[in-house]
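Report on one structure; see the data block that follows.
Computed from the coordinates by the stated procedures, all read-outs in this text should not be read as laboratory data. Source: prediction; values computed, not measured. So basically every Cβ, Gly included, is an ideal-geometry build from the backbone, and we count neighbours across all protein chains shown.
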Amino acid sequence: MDNLKMHTSDLAAEKFAALAALFPHAVTETVDENGTVIRAIDPDILAQEINSHVLSGKEERYQFTWPDKRKSVLLANTPIAAALRPCREESVNFDTTENLYIEGDNLDVLKLLRETYLNRVKMIYIDPPYNTGNDFVYEDDFSEETGEFLTRDGQYDEQGNRLVTNLESNGRFHTDWLNMMYSRLRIARDLLTDDGVIFISIDDNEVDNLRKICDEVFGESNFVVQIMWKKRSTPPNDKIIGAAHEYVVIYAKRLDEVVLYLRERTKEQLARYRNPDNHPKGLWTAGDLGANVKGGRYVESLYYPITNPKSGKEHYPPQNGNWRFSKETIEKLIANDEIYFGEDGLGRPKLKRFLIEVKEGITYTSIWDFVPLNTHGSAEMTEILGNIAVFDNPKPSGLIQELCKLGSKSGDIILDFFSGSATTAHAVMQLNSEDGGNRKFIMVQLPEICDEKSEAAKAGYKNICEIGKERIRRAGRKIVEEAGLYAQKLDIGFRVLKLDSSNMKDVYYTPEEYEQLGFDFNGFADNIKEDRTAEDLLFQVMLDLGIPLSSKITQASLSVGQAGGEVWNVNDGYLIACFGKVDDALLTEIAKQTPYYAVFRDASFVSDSAMVNFEQIFATYSPSTIRRVL
């Protein structure tokens, strides 16, 4: 039987292994600063293998760099041993919802999600700190040694924060912001589907730096567009020229595969389509038949007269132009009554553009002045939660809802790892109620403590996460009330998961260290922390096996033979886990259900014979089941 690793992957080690497999001759050995012999890649041999020029030393090259950039790369690759513990009492419709609300440092959460949600997220939207001089940025630990991830315990300080104010007087003003963003974006890219897209809200303070790091992380060729959003109708008075806009920077995972959707036509645009002649193709509008000729030249076959069948008058293309279609095509269109000659039938010819034949919508432009202003976001918060005044100008849900229309469809997963006031969750639920979709959201937010003097604290909210969760609850109820029967199947629930240290004791990860200290494993009862529940273990197992955290979970009490306890069934038998006492009879009962995965606790076997018979029982009843133990 094999043990689950119960920690995230070491991406640096994986990439080294991939290089070593491709170029074994480039693998060598060297000595690190501690005198330990380690394996390494010889860049000279690698250059020979790939037959290309490899830059080294201080050779000039185009690059964008800043202090600690290398460390931020290492930080993104360094594994952690942590857990996401479910919190049923703060969740809504825990057993049926497919939405997630995760509390914790978004870098660590992204690392935990990486393997399970690799290539599964269609759309990411984030509204990170803009670095205006008063914002908070994440204070990441660059001093952590490679091996310390195994024993890291606790993600925040005594107040629950892992944030520092990034003042303009800080000598690392841009550096700290870049380090915060770079490591998180590197991991976020891995989560996107090949046709996925990321939207990032930003203003003028860091838009140039954001574009540069996104060019590096996603590839310059995968830049889609930089939307300019009109956020206010009047300029502020605190600048020489008041900024009435912000940006939404858009990058694709792969531009050649990205899928973006059209904007819905407005009522005014649809009103242009009519059917005064009861044409069998339905609604239509008149469009130009002429085509401009580039360079003053024309195609002879497209320059001819169109004869009005009613008046007999000949109409030629406009000056310096041709008709769009050949003479034969025009004759067919006239025969099918698809050319319009005006209400009286005596005008110049125009093409009937039928609504059923045009695109289902219109192409979005890079200037967005058709969505709500930022004042609407504040009004929404006040309407839903009252005047708690925690968030400065929260984004209006209408803006994010429009982005969701552009970047997602029903069934897609939408991730926001700077969740804040949970506007993205609100927007997803609202859009689903309007178009009948089933988009799922994953919100990630650090439980930043509310200032004790703030209106939020006075209202009883201890941290930002409590505000976000309450907003989702109230917004969901409001959407259902307004939608009525249309919202019967609407998912307004969410599973709350909280980042914590691993469920496993240190000995689970480094047994060799305890052996060197003379630790007696024969008397060692369990390697799981005493304060952890079976459901805590289940969710860490799901992460380790790459099973989505929104999966259907059922539990049943089984009493067979001398054993019995809670048996957890995930996704209708895909995973069956039992963390209570296990004997031959219970093992047989579970094996007969032929799960894809079966997981048990090492200390749960009632006897040595049950542990010995474990493999044989599954080999008999379900040989294809993958068996793991904790």
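Odds and ends about this structure:
- Here the stretch 267-357 is described by how far its Cα atoms reach on the three principal axes: 39, 29, 20 Å, from widest to narrowest.
- Length released on extending from ASP526 to LYS409, taking residue separation times 0.36 nm less the Cα-Cα span: 37.5 nm
- This model, with +1 at the C-beta of Lys and Arg and -1 at the C-beta of Asp and Glu, gives the stretch 175-221 a dipole about its Cα centre of some 180 debye.
- Loop-resident trypsin sites (Lys or Arg not before Pro) (DSSP state other than H, G, I, E or B) in the stretch 168-272 with no more than 12 further Cβ atoms inside 10 Å of their Cβ: LYS239.
- Coil-residue GluC sites (Glu not before Pro) of the stretch 428-483, DSSP, other Cβ within 10 Å capped at 13: GLU452
- Distances between placed amide hydrogens fall under 5 Å for LEU4 paired with VAL629, all partners being 5 or more residues away or on another chain.
- TYR261-ALA483 FRET efficiency (beta carbon distance; Förster radius 30 Å; 0.05 resolution): 0.85
- Shape call, the stretch 168-271: gyration tensor on alpha carbons, a/c limit 1.5: oblate
- 3J(HN,Hα) from dihedral phi, the stretch 579-592, Karplus parametrisation 6.51/-1.76/1.60, rounded to Hz, x for glycine, proline: 10, x, 5, 10, 10, 4, 5, 5, 4, 5, 4, 6, 4, 5
- In sequence order, calculated HN-Hα J values of the stretch 621-630 (Karplus, 6.51, -1.76, 1.60; Hz; x Gly/Pro): 9, 8, x, 7, 5, 8, 9, 9, 10, 9
- FRET efficiency for LYS313 and HIS245, using Cβ-Cβ distance with R0 set to 45 Å, rounded to 0.05: 0.35
- Computed FRET value (nearest 0.05) for LYS505 with ARG272, which takes r as the C-beta separation and R₀ as 51 Å: 0.15
- Across the stretch 407-421, rounded Karplus estimates of 3J(HN,Hα) from the backbone phi angles (6.51 cos²θ - 1.76 cosθ + 1.60, θ = phi - 60°) give x, 8, 9, 4, x, 6, 9, 10, 10, 9, 9, 10, 5, x, 7 Hz, Gly and Pro being marked x.
- Under 5 Å, built H, 5+ apart or other chain: amide partners of TYR101: MET443, ARG495, VAL496, LEU497
- The length gained by stretching the chain between ASP2 and GLU360 to full extension, at 0.36 nm per residue less their Cα-Cα distance, is 123.6 nm.
- The slack between ASP95 and SER221, meaning 0.36 nm per residue of separation minus the straight C-alpha distance, is 41.1 nm.
- Amide H partners (placed H, <5 Å) of ALA40, local residues excluded: THR28, GLU29, THR30
- Spin-label proximity, THR620 to the stretch 565-603 - amide N less than 18 Å from point 7 Å beyond Cα toward beta carbon: 582-595
- Relative contact order (percent, whole number), the stretch 533-629, Cα cutoff 8 Å, 6+ residue spacing: 21
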